[in-house]
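Remarks on the structure that follows.
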């Protein structure tokens, strides 16, 4: 059967013992799970003793399906070996591991998964590597915040189908792998600001990023980073700015409150809900509108609206 291996890591500013104790305790998992954030009503069942070999963490929800984890091997301050059993929407068994390595005054946490797919689903292996890899990175980012600050500045509000538009925006086109998207957007917005100034256009308006294409093989994003435009605002012909527009329509809206590094949580929630509810998307791009900015509020109060236009 086609096999896959996923390996992601992050460095945290705490000793290995502290990182190990958090992740060996199944009671902590719902706090930082990159999956349960999309299904807050899911039922979670945890063994009375949640930190021993044989301890189990089971879940069942409309969005996340059904499954369980079991601690198979625990090596204090060094590693955790679990078996992950999916029950719904399909049956599968995977091996997952956490490894803890001293790194300077902190710890490098590695999170791995090894699994396989039936032969007739071999074509799904690249997608699983990409999507689970993104989930792992989101989870590790939340683990880092939880260990270092005892909080995760990320809250998702699901508003569902909403009226949106018409929308007009202009910005600079860019591309970046998902893991570098934050820096890429910041760098591109500097170019956008300069282009707006040279065109004699105001930037005293909401910022917006439109994602025009997602490249599955390397989680690459094509985007336009810029500002919303007024109904009659025009772009000079000589400007490098690209115009993007959307007529009034329905869209699935999710609001994220918190740090930009956790925006992937809201995108994951939106995509999982649209897929689970069998909504059909318009092939026009998806977008996020930043309702305030880091120079206006602390990062935990940043508000971003995410829209997936629907047919």
Which one of these does residue 297 not meet: (1) under 26 Å from residue 180 (Cβ atoms); (2) touching a residue at least 12 places away in the same chain (Cβ under 8 Å); (3) assigned to a loop (DSSP other than H, G, I, E, B)? (2)
Residue hits (region 240-279; part of a loop (DSSP other than H, G, I, E, B) and crowded, with 17+ Cβ neighbours inside 10 Å) are 241, 259
Run residue 15 past the list (1) touching a residue at least 24 places away in the same chain (Cβ under 8 Å); (2) closer than 29 Å to residue 118 by Cα; (3) surrounded by fewer than 20 Cβ atoms within 10 Å (Cβ to Cβ) and report the number of the one that doesn't hold. (2)
Where residues in region 31-43 are surrounded by fewer than 17 Cβ atoms within 10 Å (Cβ to Cβ) and at pLDDT 95 or above, which of them is farthest from residue 266 (Cα to Cα)? 43
Of these, 170, 186, 195, which one is more than 30 Å from residue 123 (Cα to Cα) and assigned to a strand (DSSP E or B)? 170
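The values are calculated or read from the model by the stated rules, or taken from the named source; none is laboratory data. Keep in mind that this is a model prediction, so the values were computed, not measured. FYI the Cβ positions are ideal-geometry reconstructions off the backbone, even for glycines, and counts take in every protein chain you see.
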